[in-house]
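Enquirer: I have a structure here, written as structure tokens, and I will follow up with some questions on it.
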Amino acid sequence: MVAVLSVDLRSVGQMTTYVLIPGAGGDPWYWHLVAAELTRRGHDVVSVDLPAEDEKAGLPEYADAVEAALGEHSDPVLVALSLGGFTAAAVAARRPVAGIVFVNAMIPLPGETAAAWGDATGSAAARRELAVREGRDPDAESDLRTDFFQDVPAELTDYALSHDRDESERIFGDPCAFESWPAVPIRVLAGRDDRMFPAGFQQRVARDRLGVEAELVPGGHLAPLSHAMEVADRIERP
């Protein structure tokens, strides 16, 4: 557990630099609606394209990609979706950041791999329990439309699935090389209807690993596509 400062992320300045880190597949498109909204509100937004399809690229290379995208920007707020939580941890270990916001994200422990994270946190059991509660078949084969895109508009779902990018295996075996979380505001946003990382599960992991209470937002795992305005609201202010 880490002591986390309770500070309004806007206190870092009138304009905040938000770095939007995608999850598996590394495509910044998943953040495009939130990026547009934060930009409209006067913030500086950096959307990162990760080398997900490169089998030689692991967490160090993902952190390199974030740093390259940042350029001369300083003291950014890292905003990580899903698997992007591991990238956020790797970046925060390298450079000063003003804050971290996890959005339906995997929150790693020092030295943990993404492959080990599921067993360590009990994510599969949480998914199964949620399926039973919702009357869905807990033994059904995972389906992207059902488990990830259930509340995303059809046109966005169709686009995403037609432009799907593979994720290399290496990223799941790379230990997350950081010693501790920085002493900056760290917040966790959990989708109320997330079927991959159920809200109650995310709240437990946030308490256990960060000592913070996850904030519920509308939407499923891809809330940045289904509820972009609400997600932008919660990223921007506590």
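Enquirer: For residues that are farther than 11 Å from Ala232 by Cα and under 14 Å from the mean Cα position of the chain (by Cα), scanning just the stretch 33-48, find the one that is surrounded by the most Cβ atoms within 10 Å (Cβ to Cβ).
Expert: Val48
Enquirer: Return yes when Ala120 is surrounded by fewer than 24 Cβ atoms within 10 Å (Cβ to Cβ) and closer than 30 Å to Asp139 by Cα and no when it is not. First the steps, then the outcome.
Expert: Details: surrounded by fewer than 24 Cβ atoms within 10 Å (Cβ to Cβ): yes; closer than 30 Å to Asp139 by Cα: yes.
Judged against the criteria, Ala120 is a match.
Enquirer: Let me ask something else. Pairs, please: C-beta under 9 Å, at least 6 apart or cross-chain, first residue closer than 23 Å to Asp158 by Cα and without any contact (Cβ under 8 Å) to a residue 24 or more places away in the chain and in the stretch 220-238, second buried (at least 24 other Cβ atoms within 10 Å of the Cβ) and hydrophobic (A, V, I, L, M, F, W, C)?
Expert: Taking only residues 6 or more apart or on different chains, the pairs are Glu230/Ala223.
Enquirer: Of all residues in the stretch 148-172, count the ones that are under 18 Å from the mean Cα position of the chain (by Cα), more than 23 Å from Val231 (Cα to Cα) and not in a loop (DSSP other than H, G, I, E, B).
Expert: 2
Enquirer: Scan the stretch 21-48 for residues that are of a type outside the set (A, V, I, L, M, F, W, C), touching a residue at least 60 places away in the same chain (Cβ under 8 Å), part of a helix (DSSP H, G or I) and in contact with a Pro (Cβ under 6 Å, 6 or more places away or on another chain) and jot them down.
Expert: Within the stretch 21-48, the subset of a type outside the set (A, V, I, L, M, F, W, C) is 22-23, 25-28, 30, 32, 37, 39-44, 47.
Now narrow it down to the ones that are touching a residue at least 60 places away in the same chain (Cβ under 8 Å): 22-23, 25-27, 30, 37, 41, 43.
So of that shortlist, the ones also part of a helix (DSSP H, G or I) come out as 30, 37.
Passing the criteria: only Tyr30.
Enquirer: Taking Gly85, is it modelled with pLDDT of 95 or more, buried (at least 18 other Cβ atoms within 10 Å of the Cβ), assigned to a loop (DSSP other than H, G, I, E, B) and not hydrophobic (A, V, I, L, M, F, W, C)?
Expert: On the way: modelled with pLDDT of 95 or more: yes; buried (at least 18 other Cβ atoms within 10 Å of the Cβ): yes; assigned to a loop (DSSP other than H, G, I, E, B): no; not hydrophobic (A, V, I, L, M, F, W, C): yes.
The answer is no for Gly85.
Enquirer: Give me the pairs, please: first residue somewhere in the stretch 141-168 and surrounded by 11 or more Cβ atoms within 10 Å (Cβ to Cβ), second residue anywhere and part of a helix (DSSP H, G or I) and basic (Lys, Arg), beta-carbon distance under 9 Å, and either six or more positions apart or on two chains.
Expert: Asp147/Arg127; Val152/Arg145; Thr157/Arg145; Leu161/Arg145
Enquirer: To continue, here is another question. Search the stretch 49-82 for residues being touching a residue at least 40 places away in the same chain (Cβ under 8 Å) and part of a helix (DSSP H, G or I), and hand back the single one that is surrounded by the fewest Cβ atoms within 10 Å (Cβ to Cβ).
Expert: This residue is Pro60.
Enquirer: Follow-up. Being surrounded by 15 or more Cβ atoms within 10 Å (Cβ to Cβ), among the charged types (D, E, K, R) and not in a loop (DSSP other than H, G, I, E, B) is the requirement here; does Arg127 meet it?
Expert: Numbers: surrounded by 15 or more Cβ atoms within 10 Å (Cβ to Cβ): yes; among the charged types (D, E, K, R): yes; not in a loop (DSSP other than H, G, I, E, B): yes.
Judged against the criteria, Arg127 is a match.
The values are calculated or read from the model by the stated rules, or taken from the named source; none is laboratory data. Quick caveat, the model's predicted, so the values are computed rather than measured. Quick reminder, even Gly has a Cβ in these numbers, built from the backbone with ideal geometry, and neighbours come from all protein chains shown.
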